[in-house]
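The values are calculated or read from the model by the stated rules, or taken from the named source; none is laboratory data. Keep in mind that what you see is a predicted model, and the values were worked out from it rather than measured. No Cβ is skipped: glycine too gets one built from the backbone with ideal geometry, and neighbour counts run over all protein chains shown. The protein model used for the area step is the full one, side chains on, heavy atoms only, and it has no ligands, DNA or RNA in it. Shrake-Rupley method; radii C 1.70, N 1.55, O 1.52, S 1.80 Å.
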Amino acid sequence: MRVLFLYNEVECLGLEYLSAMLKQRGHRTGLAFLPRLFDFFRHEYRNVQLGKALSFQEDVLGKLRRFEPDVVGFQVLSANYPWAVDMATEIKKFLPNVPVVFGGYHPTASYQHVLKHECVDYVIKGEGEHAFVELVDQLEAGQVDPTTRNLVMRRNGELVDNDVRPYVQDLDTLPFPDKDLFRD
């Protein structure tokens, strides 16, 4: 499967681990990165007019179209949550059948609220290294297991909220982070 991550903060070790694990399973990964020029949570760096004038949003959407993802994943912080919802909404306009997955501490803490947005198909709560890879494998097979730990989703109008698996105790069991993800 082709998995594209969208992100707009700074280099993210979590996404690099996810990418390494996905590649280990034979999936292809990419990153559409949107620098937050003049659109920063610190007010002294914020300038709405310059942010719009110097936006890379069209470049990001172009990369998304060229990559032709099977799955789109977002690392979501509280600071970038509105942006992630806006981008997911845009993605669903031209790729309505591509699953959108939110992970990170904001969706972990607020998954009920996050899944009220129709543009979000799945939330991975807690550590995502194993759960996200399992979800991508299941999507590739054409059948998502609604009992997958760490997975939250809508099913028949109801919220399916699964338990969180134990934290990874030995980080050496994870592959080395894919540092090339943020270099391409």
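May I ask you to say which residue of Gln143, Gln138, Gln169 is under 22 Å from Val72 (Cα atoms) and open to solvent by 50 Å² or more (accessible area, probe 1.4 Å)?
None of the others qualify; the one that does is Gln143.
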Considering only residues that are β-branched (Val, Ile, Thr), out of contact with any Phe, Trp or Tyr (no Cβ under 9 Å at 6 or more places or on another chain) and under 20 Å from Gln138 (Cα atoms), which ones fall in the stretch 72-108? Val98
If you scan the stretch 144-158, which residues turn out to be modelled with pLDDT under 95 and among the polar types (S, T, N, Q)? Asn156
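For the stretch 76-114, name all the residues that are among the aliphatic types (A, V, I, L, M) and open to solvent by 10 Å² or more (accessible area, probe 1.4 Å). Please lay out each step first, then the result.
Restricting attention to the stretch 76-114, the residues satisfying the condition of being among the aliphatic types (A, V, I, L, M) are 76-77, 79, 84-85, 87-88, 91, 95, 98, 100-101, 109, 114.
Passing the criteria: Leu77, Ala79, Val85, Leu95, Val98, Ala109.
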Selection over the stretch 114-169 where residues are among the small types (Gly, Ala, Ser) and more than 16 Å from Gly103 (Cβ to Cβ) yields a count of 3
